[in-house]
Amino acid sequence: MTSSEDHVADPSDRVVVFDTTLRDGEQSPGATLTADEKLEVADALVDLGVDVIEAGFPAASPGDFEAVRSIAARVKGASVAGLARANQGDIERAAQAVKGAEAPRIHTFIATSDIHLQHKLRMTREQVLDRVTAMVGFARSFTGDVEFSAEDATRSDWEFLVEVFKRAVEAGASTINVPDTVGYTTPTEYVALIQHLRERVPGMDQVAISVHCHDDLGMATANTLAAVAAGARQVEVTVNGIGERAGNTALEEVVMALSTRKDTFGGVVTGIKTERLVPTSRLVSGLTGLRVQANKAIVGANAFAHEAGIHQDGMLKERTTYEIMNPTDVGWEGTKLVLGKHSGRAGFRSTLSEIGIRLEEDQLNEAYQRFLLLADRKKAVTAADLAALVSDQLAAEGDVLQLVRWNASIGSTGPATASVVVSRGTEELTGDAEGNGPVHALFQAIETATGLKPELEYYHVEAVTPGEDAQGQVHVRIRSDGALYTGHGLATDVVEASARAYLAALSKIERGQQTTVVPGPGTGASRWS
Ligand SMILES: [Zn+2]
C-alpha cells in the first residue's frame, strides 16, 4: 500500500490526519516523554505520512514550550500545531513556539457546553461568543492556519454551537473541530450534529470540519468514521489510541478502515504509508511504556495471529478466508499461525514443514497428540518447542523402556517418595522408592522397576524456551559395566523430563547401544546437581 496522495481526483476526497500523540496522547497518565523522545516520535510521524502534528501545549510548561519549538524547527512535510486556550497568553506562547515551523498552526479552543460554562469557565454564552471572535482573530494575526475547537461540543446546545462556529469561521479559522471530549456521543448522533452544522453554519463548506473523539464508551473510532462519512475531512487521532482516560481515536484503526472499506467511505483517502503503522506503534509503545493489548486492532500482537484449527485450515487454503487486510500492508512480517490447543492438524503440519520437519503419518499423529498435551500446559508453543518435541519423540522411538505413569511427592517432614509405571514392549513394570528429592526418588523407583542400577555421571537441565512454562530438556549420562550411555528427556515438568531422559539412557543399555566417552563439564560432577 503506498501513499495515495497522487490519486486524489477531488481534494474533498482527502482526509487530513491530525496526530495528537504528542499532546493528547502524552496526557495519558504515565506516558510523559522527554524532549528527545518527542523529536523521535515526530520524525516517525513524518515518515508515517501524517499531515498535522500537534506537538504540545506550549503555555503548559517551559518543557512543553521547548519541545514544540524544537519539533517546529525540525519537521518538514507536515504542519506543526501548538494548542492554546482562547486567551492572549496561551496564544502568544503557541505562536512563539510554532513560529519556526515550515507550516505553523495555532489550535485554540474554548468549552461550549453548559456544564463547562457553569462549573469550569463561569462564563455566559455571550461572553464565550465574544471570546471566540477575539481570540481566533488574535491567533490569525500570527498565522493563516488557525484551528478552532469547541470543547465538549457533543454535550453542547446545537443552536449555541452554530453561533460559536459562525463566529470562528468569520474570525478566520480554517479548521473547525467538533470534539467529543468525554467520549459521550454515538455514531448516529454525531452524524446528525455534523450535518446540522454543515447546513446551519455559514461558510462551513469553506473550512475543514474536524473530529476529535475519546473512547470512554468504546466508540471513538466508530464515531470518527461516521463523521467522515458525514463530511468531516480532518480526523484527530493518536498512535495506539493513547490519550486522556480511555484514550483517543486510534490512527491505525481509522486509516485502515478507510482504506479497507473504501466502498462505504466514498473512496476517501489519507496520506498515510500504512506499512509504517506497526513500526510506529512499536516506537510509541516503547517510548511511552504503554503496552499495546494483544487483541488491539491492526497493531496488537494477535491482530493477524490465527490459532483455531478451522481458521488455520482456511488460512492455509486462502488467506482472505479469515483476513480482511494483508498483515504486510501494515508493517507486520506476515500472518502468524500461532500454535495453541485450538490449533488443528493442518496448522501443526504446516508449522512443522516451515521449520523443515517432515514426518510419516503415524509419527505426525503421535507428535500432534504430544503437541496437544503440551499446548494444554503452555500458553504459546514456539517453533523451538516443536523442534524439541519432535526430536525427543524421534530419539525415543524404539526406546524399549517407555514412561507410562509416574508420581512423586516431597515435603519437609521426611524423604521424597516416588512411584512409576514403565512399559517394556507389552510388559508393564512398576517401582516405588524414596530419595533426597523428587528426581532422586523417581530414578530410584525406575531402577526398582527395571532392575537396572547404573551410575549417574552427568545430569543437566536446560529450558527450551524462556518463560516459566518453558519445556525443560534433561540430559543424562550413565555408566554401566564401564560403558557410557546418554539420554535426553523433554517435558514442561522437569521431574518428568528427568524420568524420560533416564529411561532413554537405560533403553540404550537394554539395546547395548553404549556411547563413546563425552569430554566436558559434569564428568564426575556430584550425582544430584
Ligand atoms: Zn482530547
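If you take all other residues with their beta carbon under 10 Å from the beta carbon of ARG245, and give Lys and Arg +1 and Asp and Glu -1, the sum is -3.
Phi angles across the range 293-303 convert, under the Karplus curve 6.51 cos²θ - 1.76 cosθ + 1.60 with θ = phi - 60°, into 3J(HN,Hα) values of 5, 4, 8, 6, 4, 6, 10, x, 4, 9, 4 Hz, Gly and Pro given as x. For the peptides 489-498, 53-62, 124-133, the ranking by packing is 53-62, 489-498, 124-133, with the highest mean count of neighbouring Cβ atoms within 10 Å listed first.
Using helices alone, I'd like the mean residue ellipticity at 222 nm for the chain: each DSSP H run of four-plus residues gives -39500 (n - 2.57), total over residue count, nearest 500. Present the calculation step by step, with values, prior to reporting the outcome.
On the way: 15 runs with 194 residues, N = 529.
So the calculated ellipticity at 222 nm is -11500 deg cm²/dmol.
Residues in the range 260-276 near a label at ASP13, defined as backbone nitrogen under 16 Å from the 7 Å Cα→Cβ point? So the set is 260-272. Projecting the Cα atoms of GLN293, ILE71, ALA383 onto the charge dipole of the chain (Cβ charges, centred on the Cα centre) puts ILE71 farthest toward the positive pole. Just tell me which aspartates and glutamates come within less than 16 Å, Cα to Cα, of LYS508; anything on the same chain fewer than 8 places away is out. LYS508 reaches ASP392, GLU397, ASP399, GLU447, GLU455, GLU457, ASP481. Heavy-atom accessible area with a 1.4 Å probe sorts LYS508, LYS38, LYS317, largest first, into LYS317, LYS508, LYS38. The loop-placed trypsin sites (Lys or Arg not before Pro) in the range 332-434, going by DSSP, that have at most 14 neighbouring Cβ atoms within 10 Å of their Cβ come out as ARG358, LYS379.
Would you please give the FRET efficiency between ASN326 and ASP47, computed as 1/(1 + (r/R0)^6) with r the Cβ-Cβ distance and R0 = 25 Å, to the nearest 0.05?
Working: r = 20 Å, r/R0 = 0.81.
That gives a FRET efficiency of 0.80.
Ranked highest first by the average count of other Cβ atoms within 10 Å around their residues, in what order do 224-232, 89-97 fall? Walk me through the intermediate numbers first.
On the way: 224-232: 22.7, 89-97: 21.1.
Per-residue Cβ counts within 10 Å, averaged per peptide and sorted highest first, yield 224-232, 89-97.
Which residue, LEU364, ALA134, THR181, has the largest displacement toward the positive end of the dipole of the chain when charges sit on each Cβ (Lys, Arg +1; Asp, Glu -1)? Looking along the dipole axis, the top candidate is ALA134. Judged by the mean number of other Cβ atoms found within 10 Å, the most tightly packed of the peptides 433-443, 292-302, 23-33 leads the ranking 433-443, 23-33, 292-302. Backbone amide hydrogens, once placed in the peptide plane, bring ALA111 within less than 5 Å of GLU151, excluding anything fewer than 5 places away on its chain.
In a DSSP loop and with at most 10 other Cβ atoms within 10 Å, the GluC sites (Glu not before Pro) in the range 276-377 are GLU318, GLU333, GLU360.
The values are calculated or read from the model by the stated rules, or taken from the named source; none is laboratory data. Owing to the predicted nature of the structure, the values given are computational and were not obtained by experimental measurement. Here the Cβ is made from the backbone with ideal geometry for all residues, glycine too, and neighbour counts use every protein chain on show. The accessibility values were calculated without ligands, DNA or RNA, using every heavy atom of the protein model including side chains. Shrake-Rupley method; radii C 1.70, N 1.55, O 1.52, S 1.80 Å.
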